[in-house]
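Here it is, the structure, as structure tokens.
The values are calculated or read from the model by the stated rules, or taken from the named source; none is laboratory data. Just so you know, these numbers come straight off a predicted model, no measurement behind them. In this analysis, Cβ positions are derived from the backbone assuming ideal geometry, glycine residues included, and neighbour counts consider all displayed protein chains.
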Amino acid sequence: MQNERQQDYDLLIIGGGLAGNCLSLALKDTGLKIAIVEANTREQLAASPAGDRALALAAGTVQVLENLGIWSGISNKATAIKHIHISDRGHFGKVRLSAQKEQVEALGYVIAARDIETHVADLVQQAGIEMLCPARVAGLMSGDNEVNVSLKCGNESLSVSARLLVGADGGQSSVRKLLDIGQQVTEYGQTALVSTVKSALPNKNTAFERFTSSGPLALLPVDQYHCSVVWTRTNDDAEALMLGSEADFLAELQACFGYKLGELTLTAPRRAFPLSLIRAQEMVKGRAVIIGNAVHQLHPVAGQGFNLGLRDVVHLAQMLVKQHEAGEDIGAADFLRDYAAIRQKDHDQVIGFTDTVVKIFSNDLLALAAARNIGLALLDHIPAAKTLLSKHAMGLAGQ
């Protein structure tokens with residue numbers, strides 16, 4: 001057998017965000033030679049406004065973070081969701097979910113993205129995982145035995161090789177583009193308006209999901225008197241609300257949400273994010289696989305984006321460990337195809353659920369409004385159905 005050239009790495013992870021860093025932590029004790037390529041410095045990431053966003057962590061995700069040794073370092077910064085209150089503006093339907101009734105500690109948790117990102121990056125540093133940063137992927141070529149990657153580190157160029165390349169570099173993934181993987185894009189004609197409010201009354205660890213004719217409004221508890229707001233409006237409405245004064249924005253928000261928490265006041269700047277459903281047409285190409293937001297970007301209505309991405313990480317890590325321990329090639333085509341087939345079912349289920357919720361609850365057609373309200377009212381009185389909905393909320397629907 002001819003001598004194969006020794007690769008620089010077993011695994012090269014492109015993207016030092018949550019997905020890439022969590023994958024490296026899951027594999028840190030396997031003996032695999034790993035490096036992470038990240039375009040932004042720690043200082044740039046810490047200063048990014050994206051760090052202000054609130055992440056809703058499903059109960060299933062918290063279990064994963066515990067297993068990775070991450071949760072103990074951030075649990076004191078997370079707020080438990082003990083209740084979920086789902087309602088439809090101007091209609092009678094309501095559903096109330098409770099952690100106590102489901103016999104769990106919490107239905108989920110809310111944490112600032114910056115808190116979890118910083119802690120995970122610290123753990124990667126402590127584990128001694130090699131970081132190539134700041135560095136960008138300029139080109140890649142997948143061969144029979146390795147993938148060759150050209151990196152741009154400032155003014156310098158660097159060529160490295162690995163048996164497997166993982167693209168965990170987010171929605172604008174350069175890996176996906178360089179692999180020439182197409183996307184299916186569904187435009188919702190909606191924009192998410194994001195901010196934080198202080199309420200006159202305590203939220204009692206309740207997450208509120210309120211459906212309106214122009215899209216859903218979510219208030220997620222970040223402490224007893226503060227909630228993170230994710231408010232979906234039509235693109236035109238959102239533009240008007242962003243151009244108008246803070247007082248007008250707040251008045252419209254209060255009218256939309258009501259006074260369940262008393263008077264609301266804004267405590268953070270308004271931000272706007274256009275919404276669409278984006279799915280990569282393939283997860284695997286050559287000796288490369290893409291995970292997390294590089295594969296799927298979801299509407300925030302069900303808060304499942306990060307949770308789904310973390311499950312990509314967990315399944316890939318588990319399969320890589322088995323493949324490596326069996327002495328098999330971690331970049332083998334059949335192995336990567338198996339991974340893609342396993343993840344496809346979870347992606348289809350969560351994306352289908354999210355997309356259906358958006359379409360049913362983002363309009364005011366009389367027949368649909370009546371049907372969904374009867375559905376919500378009935379659901380509130382059927383324990384088994386509420387348990388299933390709770391499992392969806394907790395990211396445990398497939399378990």
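Hey, does the range 255-262 have a residue that's surrounded by 15 or more Cβ atoms within 10 Å (Cβ to Cβ) and within 24 Å of ALA50 (Cβ to Cβ)?
No, the range 255-262 has no match at all.
Let me ask something else. Would it be correct to say that VAL197 is buried (at least 20 other Cβ atoms within 10 Å of the Cβ) and not aromatic (Phe, Trp, Tyr)?
yes
OK, next. Tell me the residue from LYS391, LYS386 that is modelled with pLDDT under 70, in a helix (DSSP H, G or I), touching a helix residue (DSSP H, G or I) at 6+ places or on another chain (Cβ under 8 Å) and of a type in the set (D, E, K, R), please.
Exactly one residue qualifies, and that residue is LYS386.
Can you give me the number of residues within the range 74-98 that are at pLDDT below 90, in contact with a Ser or Thr (Cβ under 6 Å, 6 or more places away or on another chain) and surrounded by fewer than 22 Cβ atoms within 10 Å (Cβ to Cβ)?
3
While we're here: Just to verify a result, which residue in the range 100-114, among those that are in a strand (DSSP E or B) and in contact with a helix residue (DSSP H, G or I) (Cβ under 9 Å, 6 or more places away or on another chain), is farthest from ASN40 (Cα to Cα)?
This residue is GLY108.
Of (1) farther than 23 Å from ALA294 by Cα; (2) surrounded by 13 or more Cβ atoms within 10 Å (Cβ to Cβ); (3) modelled with pLDDT under 75, GLN323 satisfies all except one. Which?
That leaves (3) as the condition not met.
Quick grid of which residues meet (1) basic (Lys, Arg); (2) touching a Leu at 6+ places or on another chain (Cβ under 6 Å):
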residue: MET242; (1), (2): no, no
residue: GLN254; (1), (2): no, yes
residue: LEU266; (1), (2): no, yes
residue: ARG271; (1), (2): yes, no
residue: VAL289; (1), (2): no, yes
residue: ASN293; (1), (2): no, no
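Here's something else I'd like to know. Whether any residue in the range 183-202 is of a type in the set (S, T, N, Q), over 15 Å from LEU250 (Cβ atoms) and outside any strand (DSSP E or B) is what I want to check.
no
Right, another one. Residues in the range 115-144 that are part of a helix (DSSP H, G or I) and more than 25 Å from ARG176 (Cα to Cα): how many?
8
Pairs please, first residue from the range 302-330 and farther than 30 Å from LEU219 by Cα, second anywhere and among the small types (Gly, Ala, Ser), Cβ atoms under 6 Å, 6+ apart in sequence or on different chains.
Close Cβ pairs (under 6 Å, with a partner that is among the small types (Gly, Ala, Ser)) amount to ALA317/ALA26.
Which number in (1) farther than 30 Å from GLY215 by Cβ; (2) surrounded by 20 or more Cβ atoms within 10 Å (Cβ to Cβ) marks the one condition that GLN190 misses?
(1)
What are the residues in the range 218-244 that are among the acidic types (Asp, Glu) and more than 10 Å from GLN190 (Cβ to Cβ), if any?
Across the range 218-244, the qualifying residues are ASP223, ASP236, GLU239.
Which of (1) within 15 Å of the chain's Cα centre (by Cα); (2) under 30 Å from LEU11 (Cβ atoms) does ALA326 not meet, given it meets every other one?
Evaluating ALA326 over (1) within 15 Å of the chain's Cα centre (by Cα); (2) under 30 Å from LEU11 (Cβ atoms) leaves (1) as the failure.
Please list, ordered by first then second residue, the pairs with beta carbon atoms under 6 Å, 6 or more apart or interchain, first in the range 152-174 and β-branched (Val, Ile, Thr), second assigned to a strand (DSSP E or B).
Here the result reads VAL160/VAL149; VAL166/ILE13; VAL166/VAL289, each pair linking the range 152-174 to a residue that is assigned to a strand (DSSP E or B).
Looking at the range 323-346, which of its residues are out of contact with any strand residue (DSSP E or B) (no Cβ under 7 Å at 6 or more places or on another chain), in a helix (DSSP H, G or I) and either closer than 19 Å to ILE34 by Cα or not small (Gly, Ala, Ser) (or both)?
GLN323, HIS324, GLU325, ASP334, PHE335, ASP338, ILE342, ARG343, GLN344, LYS345, ASP346 - these are the residues of the range 323-346 that are out of contact with any strand residue (DSSP E or B) (no Cβ under 7 Å at 6 or more places or on another chain), in a helix (DSSP H, G or I) and either closer than 19 Å to ILE34 by Cα or not small (Gly, Ala, Ser) (or both).
For the range 202-233, how many residues are of a type in the set (S, T, N, Q), modelled with pLDDT under 90 and over 19 Å from PRO269 (Cβ atoms)?
Residues meeting the conditions: 3.
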